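Accompanying notes for the structure given below.
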Amino acid sequence: MTMTAPAAKMKFAPFAEVFTAPPDPILGLTEAFRNDPNLNKVNLGVGVYLNEKGIVPVLSSVHEAESRLLTQETTKTYLPIDGDANYNRRVQTLLFGENSALVAEGRAVTLQALGGTGALRVGADFLSRFAGGASVYLSDPSWENHAQIFEFAGFDVKRYPYYNAETHALEFSAMMTSLEEAKSGSIIVLHACCHNPTGADLTQEQWDQVVLLFQKRELIPFLDFAYQGFAVGLEEDAYAVRLFAQAQIPYLIANSFSKSFSLYRERVGALTIVGTNAEEANRVLSQVKRDVRSNYSNPAAHGAQTVAIILGDPELRSLWESELTGMREHIRTMRVRFVEELKARGVEQDFSFILRQSGMFSYSGLTKDVVLKLREQGIYIVDSGRVCLGAIHESNVGTICAAIAEQLGESVEC
Ligand code: LMR
């Protein structure tokens, strides 16, 4: 039987006013990259680590843990709302270290989340219900997605100075002045390491000053920690996270294992909230679980259980740590190669600031005009000039630098 909709219904067009959204500045670029037929194209947009073959690798530690999981798994029943308890405990150890007083006191609650983004969004939803009316401050610049995460959760989003693109340096005193002026109870998003997009991190001494300021001004820190292990090492990169723990400041951490375990599509992260005592932390947990339940009910198991297997097995953990070190060191080597190669190709502009940055990204200082021209040559860089160094290898560094040199009008044959 064929159904004929009544004609009157055709006039009902509730979405007629919906306008087309601009492509996502980062993931939209990946879509454009995929559609580009150029065989020599390079995607330096999205933050992923690629191997020499241009592939995001499955780490050997992950491969092994996944095979174990496949043979050992006995059920596909739901995970709890807050995720896999074993995974959550292991996340806390990575964040706060072995023998953390904060963990022993039960002041931290951790919920498995859908990557760092999912953790940020669940945290934002919770804050919008319990710290409503507060403003959220992001670094200027910050990760392109931060603003819409907090805006969509209903917050007024402001900026604090962070980085001067002209001098390629942090604007630390301007940052401190701005935070000093923020209303008490404001939520301040901080990048715990490997600042995205600039690659410019605070020194330990600067973090010490930041924590004192947060104590004095009673600000709520929300730490975005997506790159643990990509700056110096797993322990060293947790400096800021652990400093806030010692300072007894209530705070939130959104962490991700997308990069450190190369598990991007499995969406593995966690939201951790630190309260003033265990009883308060548990009340908080009960509420955040409602945010999860109303969003996606409970998380997917595969990625988190894979990470838990690796972290719980000394041999796999040491294999993973060596693979992580390999990625970190490769990116560092490529920073050097990138700067050398630009120079060798005749670029006189000083790019040595790239050597002082850490993590996957560099705010290269390339203008939007140059970025758009490079895109026509198959080299994809975010409009802001953020370059993902994790995608640069010996096999493409020459092509990339030659194209940049050409666009800067400083090209010489190599
Ligand atoms: C990035 O900044 O490129 C990554 O964190 C991926 C993303 O989701 O934007």
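Assorted remarks:
- Pairwise Cα distances in the stretch 286-345 exceed 13 Å in 75 percent of cases.
- The convex hull around the C-alpha trace of the stretch 183-332, projected and averaged over every direction, spans 10.3 square nanometres.
- The alpha carbons of the stretch 17-142 occupy a box of 55, 49, 31 Å along the principal axes, longest dimension given first.
- Distance violations [Cα-Cα > 20 Å] among K259/K343; K53/K259; K158/K183; K158/K289; K41/K368: K259/K343; K158/K289
- GNM top mover of S135, S322, S61 - the chain, alpha-carbon springs below 10 Å: S322
- Comparing G303, G116, G133 in a Gaussian network model of the chain where C-alpha atoms under 10 Å apart are linked, the largest mean-square fluctuation is found at G133.
- Exposure ranking of K158, K53 by accessible area [1.4 Å probe, largest first]: K53, K158
- The stretch 144-195 and the stretch 360-403 have Cα centres lying 25 Å from one another.
- Basic side chains Lys and Arg get +1 at the Cβ, acidic Asp and Glu get -1 at the Cβ, and with that the dipole of the chain about its Cα centre reaches some 1220 debye.
- Kirkwood-Stokes translational diffusion coefficient of the stretch 278-393, alpha-carbon pairs, 25 °C, 0.890 mPa s, µm²/s: 135
- Average accessible area per residue (Å²) across the stretch 254-367 - probe 1.4 Å, nucleic acids and ligands excluded: 42
- The stretch 220-319, accessible surface, carbon-and-sulfur percent (1.4 angstrom probe): 49
- Extension gain for D313-T93 works out to 77.8 nm (0.36 nm per residue, less the C-alpha to C-alpha distance).
- Cα extents of the stretch 37-86 along the three principal axes, largest first (Å): 45, 24, 20
- Within the chain, helix-based [θ] at 222 nm, where runs of 4 or more DSSP H residues each add -39,500 (n - 2.57), nearest 500: -13500 deg cm²/dmol
- Computed over protein heavy atoms with a 1.4 angstrom probe, the accessible surface ordering of I81, I354, largest first, is I81, I354.
- Annotation: per residue accessible area for the stretch 11-90 equals 71 Å², rounded to a whole number [probe 1.4 Å, protein chains only].
- The distance between label points at S173 and Q206 comes to 1.4 nm (points 7 Å beyond Cα on the Cα→Cβ vector).
- Accessible-area composition of the stretch 84-165, carbon plus sulfur, in percent [1.4 Å probe]: 47
- Summing Lys and Arg as +1 and Asp and Glu as -1 over all other residues whose Cβ lies under 12 Å from the Cβ of F361 gives a net charge of +1.
- Here the simple spin-label model places points 7 Å from the Cα toward Cβ, and for E236 and A13 these points are separated by 6.0 nm.
- The residues of the stretch 187-238 present an accessible area of 31 Å² per residue when probed at 1.4 Å with all protein chains retained.
- Over all projection directions, the Cα-based convex hull of the chain averages an area of 25.2 nm².
- Linear extension gain, E329 paired with S60, 0.36 nm per residue minus alpha-carbon span: 95.1 nm
- With each label modelled as a point 7 angstrom along the Cα→C-beta vector, the L213-E376 pair spans 4.3 nm.
The values are calculated or read from the model by the stated rules, or taken from the named source; none is laboratory data. These figures come from a predicted structure and were not determined experimentally. Cβ: placed from backbone, ideal geometry, glycine included. Neighbour counts: every protein chain shown. Just so you know, the surface numbers come from the protein's heavy atoms only, side chains and all, with ligands and any DNA or RNA stripped out. Shrake-Rupley method; radii C 1.70, N 1.55, O 1.52, S 1.80 Å.
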